[in-house]
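Since every read-out is calculated from the coordinates, none of them should be taken as a lab result. All values derive from a computational prediction rather than experimental measurement. Cβ placement follows ideal geometry from the backbone for every residue including glycine, while neighbour counts extend to all protein chains displayed.
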Amino acid sequence: MDAKQLKWAYLLVLSLIWGSSFILIKRGLVGLTAIQVGSFRIIFAALFLLIVGFKSLKKISRRQWKFVALTSFFGTFIPAYLFAIAETEVDSSIVAILNSLTPLNTLVLGILIFGIQFQKRQVLGVFIGLVGCLLLVLSGASAHPGQNYYYVGLVVIATLCYAINVNLIKRYLPDLNSVSITTGNFTVLLVPALIILSITDISQKLTFEATQHSIFFVMILGILGTGIANILFFKLIQISSPVFATSVTYLIPIVAFFWGLLDNEMLTPIQFFGAFIILIGVYLSAKK
């Protein structure tokens, strides 16, 4: 498989994994608080990655560790908690939609801060994708007027963190393999996540069946949706561009909508139309 086919394969697999992450967060919130979901997600991912990728830490130079630490906080730590908190008030499918702001933020930050050059067609693709996202958001807002949409601001902040993360990786860690970056990230985050979890009331809830079920769902989220997915994502950044890599967030809402449908989150014709526009944006942003 050549590089062009490989990057599309990564994009598809990541969209399926991360599109399923939002329903897993929702299931985790049944028996856990948002802070506990975020902490468990990081802890499970860290333990998994230390098992499979511990030897890869040797490849990280002393100079690179500071950038690994920065990407860990922007790319994982902050968003893990913000997304969980947001889903306490907003449907998982709507949160997935708002996640699609990441490519636009990546483009803006890439130009303003990191000096990355983009083709006009890529810019057009990002904005077309954003139009599709807006259609999905507006339709979701009208269908759920009782939800607290102030919480969507947390998702916007998370997408800004993602945008900073992908630009940092592309700029400062292009030669470091994806397993080393991911394992390094979670090695940095393991202790802070354990400390945050320890100050919650988790010890009092572990005997509850709902808590045990929620921990199981978050374990899947941590290992598959965070650990394995981040390895694939960092590899995608390295073989493509920041804008193409973050275009995975255009496909995530489509997967999330189907999970939402199974969980009685209503879909509208406008939402399907918005999803189609998003796909057009992905194509244009990736085409040379």
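The table below lists the values:
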| item | result |
| --- | --- |
| Violating pairs (Cα-Cα greater than 19 angstrom) within the set K7/K235; K59/K170; K7/K58; K59/K235; K55/K170 | K7/K58; K55/K170 |
| Where the Cα pairs of the range 135-288 fall when distances are cut into 5 Å bins, in % | 1, 7, 11, 16, 17, 17, 15, 10, 5, 1, 0, 0 |
| Those aspartates and glutamates that a straight Cα-Cα span of less than 18 Å connects to K26, excepting residues fewer than 8 apart in one chain | E87, E89, D91, E209, D263, E265 |
| Ranked M266, M219, criterion: other C-beta atoms within 10 Å, fewest first | M266, M219 |
| Positive dipole terminus of the range 3-286, leading residue within I128, G260, I202 (C-beta point charges) | I128 |
| Highest to lowest packing among 197-203, 186-192, 30-36, scored as the average C-beta count within 10 Å | 30-36, 186-192, 197-203 |
| Summed side-chain charge close to F208 - residues other than F208 whose Cβ falls under 15 Å, Lys, Arg +1, Asp, Glu -1 | 0 |
| V123/F258 FRET efficiency (R0 25 Å; Cβ-Cβ; nearest 0.05) | 0.25 |
| Cα lying deepest toward the dipole's positive end in the range 28-105, options A86, I35, W65, charges on Cβ | W65 |
| Cβ-Cβ FRET estimate between E209 and K58, R0 fixed at 45 Å, reported to 0.05 | 0.60 |
| Percent of C-alpha pairs per 5 Å bin, the chain, short to long | 1, 6, 13, 17, 19, 17, 13, 8, 4, 1, 0, 0 |
| Rg over Rh, two decimals, the range 1-142 (C-alpha only, Kirkwood Rh) | 0.99 |
| For the range 233-281: rounded, prolate or oblate by the Cα gyration tensor [a/c cutoff 1.5] | oblate |
| Separation of alpha-carbon centers, the range 47-75 and the range 109-160, rounded to whole Å | 29 Å |
| Relative contact order (percent, whole number), the chain, Cα cutoff 8 Å, 6+ residue spacing | 41 percent |
| Separation in nanometres of the label points that stand 7 Å from Cα toward Cβ, at L16 and S142 | 3.4 nm |
